[in-house]
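Here the structure comes first, spelled out in structure tokens, and everything after it is commentary.
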Amino acid sequence: MSKAITFSEYGTPEVLHLSEVTPPEPGPGQVRIRVRAASVNPLDMKIRSGLMAVAIPARFPVIPGLDAAGVVDALGEGAAAAVGDEVLGTTVGGSYSEYALLERPVAKPATLSWEVAASLVTVGQTAFRVLTQLGVGEGQTLLVHGAGGSVGVIAVQLAAARGITVLATVGEHDIERVTALGATAVRYGDGWVQRVKAAAPQGVDFVFDASGVGVLADSVALTGDSAHVITIADMSAAQHGVRFSAGSADQAEKALPQLVRLAAAGMLILPIWRTYPLEQAATAHADLEAHRNRGKAVLLP
């Protein structure tokens, strides 16, 4: 037996419990890892609370979590790894556990910490995917809403590295940090449109909304074209003719190795705010729901 966090009903963080479970057995093409780090993502909390019950119905008990990094300790037939390899990726069946399954393991470079390796997966793939979907390129201007969050931080860096002029709406506490990553930071809140126009007299070509705080109508007006605006966080997207971005496994498979190489080389920074022992998963959820974090939260089984 091994330890994992589980929940058997929707609810607040208090529904998360440390449980004894049978370690999963890898199927064809899968590897089992001894988890060294598991990332806590906003989607984990939406699933736990029941907000995603229609799109992602739970089969209780549920082991939450999407992303993990660890050491391969068992192989399914045809798996693309070897026992002892250090890998990362999206888990099958949950990551808040001592053991987890990966279908598409990506090698973890020695220079990449376990915490960053686990944290890079979903947020990195999301940022990479949205920039691809937008089609924004060198010489154009991109506005990123919610640039202080983990997806926004990566989007800013990827875009700046491609020669894109990046503006970023952030809280006062994130202005210095996001500016250092290559963006022109603009304080969010009332009057943000005027502040963006003043910072970008050339105009804004594309908008990436990672905030979900009701900025879509003004963003469409700013670009002049709803096709130039994408959100990953605002469920009212269709009302504004805006795309709600969703990804595929194929896209993820292409993006993650590139992201890993950039992070390992120090060319992509992903701040880790705090680590928690596995049994404190409920505390991690509560901290993120209260917006206490300034970077990624990571569980260390």
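The values are calculated or read from the model by the stated rules, or taken from the named source; none is laboratory data. As the structure is a prediction and not an experimental result, all values here were calculated from the model. Here the Cβ is made from the backbone with ideal geometry for all residues, glycine too, and neighbour counts use every protein chain on show.
Working only within the stretch 170-190, note down all residues that are assigned to a strand (DSSP E or B) and at positive phi. Give the steps one after another, and end with the answer.
Filtering the stretch 170-190 for residues assigned to a strand (DSSP E or B) gives 170, 184-187.
If the condition is that a residue be assigned to a strand (DSSP E or B) and at positive phi, then no residue fits.
Collect the residues in the stretch 256-301 that are part of a loop (DSSP other than H, G, I, E, B) and under 15 Å from the mean Cα position of the chain (by Cα), keeping them in residue-number order. Full working, then the answer.
Restricting attention to the stretch 256-301, the residues satisfying the condition of being part of a loop (DSSP other than H, G, I, E, B) are 265-271, 290-295, 301.
Hits for the stretch 256-301 are Leu268, Ile269, Leu270, Pro271, Asn293, Arg294, Gly295.
Pick from the stretch 277-301 the residues that are touching a strand residue (DSSP E or B) at 6+ places or on another chain (Cβ under 7 Å) and without any contact (Cβ under 8 Å) to a residue 40 or more places away in the chain: which of them is nearest to Pro109 (Cα to Cα)?
Checking each candidate, the answer is Pro277.
For (1) under 27 Å from Gly224 (Cβ atoms); (2) assigned to a loop (DSSP other than H, G, I, E, B); (3) over 19 Å from the mean Cα position of the chain (by Cα); (4) charged (D, E, K, R), each residue gets a yes or a no:
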position	(1), (2), (3), (4)
Pro109	no, yes, yes, no
Gly137	yes, yes, yes, no
Val144	yes, no, no, no
Val151	yes, no, no, no
Leu158	yes, no, no, no
Ala168	yes, no, no, no
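Taking the conditions exactly as written (in contact with a Gly (Cβ under 6 Å, 6 or more places away or on another chain) and surrounded by fewer than 24 Cβ atoms within 10 Å (Cβ to Cβ)), does Glu98 satisfy them or not?
Details: in contact with a Gly (Cβ under 6 Å, 6 or more places away or on another chain): no; surrounded by fewer than 24 Cβ atoms within 10 Å (Cβ to Cβ): yes.
Spelling it out, it is not the case that Glu98 is in contact with a Gly (Cβ under 6 Å, 6 or more places away or on another chain) and surrounded by fewer than 24 Cβ atoms within 10 Å (Cβ to Cβ).
Can you work out which of the residues in the stretch 200-244 that are touching a strand residue (DSSP E or B) at 6+ places or on another chain (Cβ under 6 Å), in a loop (DSSP other than H, G, I, E, B) and among the β-branched types (Val, Ile, Thr) is nearest to Thr169 (Cα to Cα)?
Val215
Considering (1) surrounded by 22 or more Cβ atoms within 10 Å (Cβ to Cβ); (2) not in a loop (DSSP other than H, G, I, E, B), say which one Pro64 fails and leave the rest.
Evaluating Pro64 over (1) surrounded by 22 or more Cβ atoms within 10 Å (Cβ to Cβ); (2) not in a loop (DSSP other than H, G, I, E, B) leaves (2) as the failure.
How about the stretch 1-53: which strands (runs of 3 or more DSSP E) wholly inside it have at least 3 residues that are closer than 21 Å to Leu120 by Cβ and modelled with pLDDT of 95 or more? Don't jump to the end; show me each part of the working.
Working: elements: 2-6, 17-21, 31-40.
Output list reads 31-40.
Could you say which residue among Arg59, Arg32 is surrounded by fewer than 17 Cβ atoms within 10 Å (Cβ to Cβ), more than 26 Å from Gly152 (Cβ to Cβ) and among the basic types (Lys, Arg)?
Values: Arg32 fails: surrounded by fewer than 17 Cβ atoms within 10 Å (Cβ to Cβ).
On inspection, the qualifying residue turns out to be Arg59.
Can you tell me how many residues within the stretch 170-210 are surrounded by fewer than 16 Cβ atoms within 10 Å (Cβ to Cβ) and under 20 Å from the mean Cα position of the chain (by Cα)?
0
Look at Val193 and say whether it is out of contact with any helix residue (DSSP H, G or I) (no Cβ under 6 Å at 6 or more places or on another chain) and assigned to a helix (DSSP H, G or I). Reasoning before the result, please.
Details: out of contact with any helix residue (DSSP H, G or I) (no Cβ under 6 Å at 6 or more places or on another chain): no; assigned to a helix (DSSP H, G or I): yes.
In short, no.
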